[in-house]
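The values are calculated or read from the model by the stated rules, or taken from the named source; none is laboratory data. The structure displayed is predicted, hence computed values, not measured ones. Here the Cβ positions follow ideal geometry from the backbone for every residue, glycine too, while neighbour counts run over all protein chains shown. We work out accessible area using only protein heavy atoms, side chains counted, and drop any ligands, DNA or RNA first. Shrake-Rupley method; radii C 1.70, N 1.55, O 1.52, S 1.80 Å.
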Amino acid sequence: MHELELVELHKNFQDKAAVQNVNMCLQNGVYGLLGENGAGKTTLMRMICGILEPSKGEILCDGMKISKMGGEYRSLLGYLPQDFGYYEDFTANRFLHYMAALKALPEDYARARIEELMEMVGLTEVRKKKLKTFSGGMIRRIGIAQALLNDPEILVLDEPTSGLDPKERVRFRNIISSLGKNRLVILSTHIVSDVEYIADNIMIMKNGRMIRTGTESSIVEEGKDFVWKCLVSEKEADMLNAKYIVSNLKHQGAQVELRIVSKEKPTENAERQDVTLEDIYLYLTLA
């Protein structure tokens, strides 16, 4: 088991602070990193992977600075970037062998590992087809396979379900859940359902800062009295929509049913509702 420690981590791009004062300690399990586009998630992930240097602070792996570990740290790491590059004319099999060679994996090990991973991601039957014939979901599955070639103990996945249909998203979540049993997995996304049921811990970023960390239940508990349901006219619905965070809106004939996230009771007839992680995520990031 490995431990990652982020200490007073900052990253600036000219005058813009992309990541500000992040302090965390990460161990085995699945960590869901939530935040809107531009919140600083990708910058943080790239620093964890050693691709970007922090402007201030440091990242430690088992007490050692990753900047000093070199190949020792890279051998522990698997990374699926948001924009995953690949060669369209390569077959799936050839591409994974190519990636294994870049990672300096022994040929016999690579051959057996690729067979194992093809089975795991459900692509064995199409391993000889060119990647340009693959769907977006199949490409993401090849992406996770290449990230796992060296059997990494630290796995970093940046927006892995971006562009996937619901069926592929569920398949991918199940793969990630199984991977988190014996390694450290960091999964970045802006889609709450991607991490709601599989993450052991949730991290929420806004404007480069880590504004909440904890288990799904502990974060939800914080807002247990914040969610309301009310039935109003269309005119009143427009007014409430402008004033409050509305997480759901449904027309019912001439009236509108609103789900509102607010500390205060929005209308006289509003009734409390059970809170979800998505409710709290919206409250924390939009308030």
Seminar exercise, completed: In segment 151-171, anything under 29 Å from Glu107 (Cβ atoms) and open to solvent by less than 30 Å² (accessible area, probe 1.4 Å) is listed as Pro152, Ile154, Leu155, Val156, Leu157, Pro160
For this session: Report yes if Ile59 is of a type in the set (A, V, I, L, M), in a strand (DSSP E or B) and either surrounded by fewer than 17 Cβ atoms within 10 Å (Cβ to Cβ) or in contact with a Gly (Cβ under 9 Å, 6 or more places away or on another chain) (or both), otherwise no.
Result: yes
Exercise. Among the residues of segment 115-150, which ones are in a loop (DSSP other than H, G, I, E, B), in contact with a strand residue (DSSP E or B) (Cβ under 8 Å, 6 or more places away or on another chain) and surrounded by 16 or more Cβ atoms within 10 Å (Cβ to Cβ)?
Worked result: Arg127, Leu148, Leu149, Asn150
Seminar exercise, completed: In segment 185-197, anything of a type in the set (A, V, I, L, M) and surrounded by fewer than 22 Cβ atoms within 10 Å (Cβ to Cβ) is listed as Ile191, Val192
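Each row is one residue, and each column tells you yes or no for (1) touching a residue at least 60 places away in the same chain (Cβ under 8 Å); (2) at positive phi.
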site	(1), (2)
Tyr98	no, no
Ala101	no, no
Ala104	no, yes
Glu107	no, no
Leu157	yes, no
Problem set entry | Hey, Ile48 open to solvent by less than 60 Å² (accessible area, probe 1.4 Å) and either on the phi > 0 side of the Ramachandran plot or in contact with a helix residue (DSSP H, G or I) (Cβ under 6 Å, 6 or more places away or on another chain) (or both) or not | no
For this session: Filter segment 69-96 down to the residues that are touching a residue at least 12 places away in the same chain (Cβ under 8 Å) and aliphatic (A, V, I, L, M), then identify the one that is surrounded by the fewest Cβ atoms within 10 Å (Cβ to Cβ).
Result: Leu77
For this session: Quick one: which residue in Lys229, Lys235, Lys224 is assigned to a helix (DSSP H, G or I) and basic (Lys, Arg)?
Result: Lys235
For this session: Spot the failing condition for Asp158; the list is (1) within 13 Å of the chain's Cα centre (by Cα); (2) over 22 Å from Tyr87 (Cα atoms), and only one is missed.
Result: (2)
Exercise. Scanning for something exposed (fewer than 15 other Cβ atoms within 10 Å of the Cβ), under 23 Å from the mean Cα position of the chain (by Cα) and over 17 Å from Ser193 (Cβ atoms), does segment 264-286 turn up at least one residue?
Worked result: yes
Exercise. Can you name the residue in segment 214-263 that is open to solvent by 60 Å² or more (accessible area, probe 1.4 Å) and among the basic types (Lys, Arg) and is also modelled with the lowest pLDDT among such residues?
Worked result: Lys224
Exercise. What residue, of Tyr31, Tyr109, Tyr86, Tyr79, is in a helix (DSSP H, G or I) and among the hydroxyl-bearing types (Ser, Thr, Tyr)?
Worked result: Tyr109
Seminar exercise, completed: Subset of segment 34-73, residues over 20 Å from Asp15 (Cβ atoms) and acidic (Asp, Glu), comes to Glu36, Glu58, Asp62, Glu72
Exercise. Scanning segment 1-24 for residues that are outside any strand (DSSP E or B) and of a type outside the set (D, E, K, R), which turns out farthest from Gly57 (Cα to Cα)?
Worked result: Met1
Exercise. Within segment 230-263, can you find the residues that are within 27 Å of Ala199 (Cα to Cα), hydrophobic (A, V, I, L, M, F, W, C) and in contact (Cβ under 8 Å) with a residue 24 or more places away in the chain?
Worked result: Ile245, Ile260, Val261
Exercise. Scanning segment 212-233 for residues that are under 18 Å from Thr276 (Cβ atoms) and of a type in the set (A, V, I, L, M, F, W, C), which turns out farthest from the chain's Cα centre (by Cα)?
Worked result: Cys230
Seminar exercise, completed: Every listed condition ((1) at pLDDT 95 or above; (2) touching a helix residue (DSSP H, G or I) at 6+ places or on another chain (Cβ under 7 Å); (3) more than 16 Å from Ile280 (Cα to Cα)) holds for Gly208 save (2)
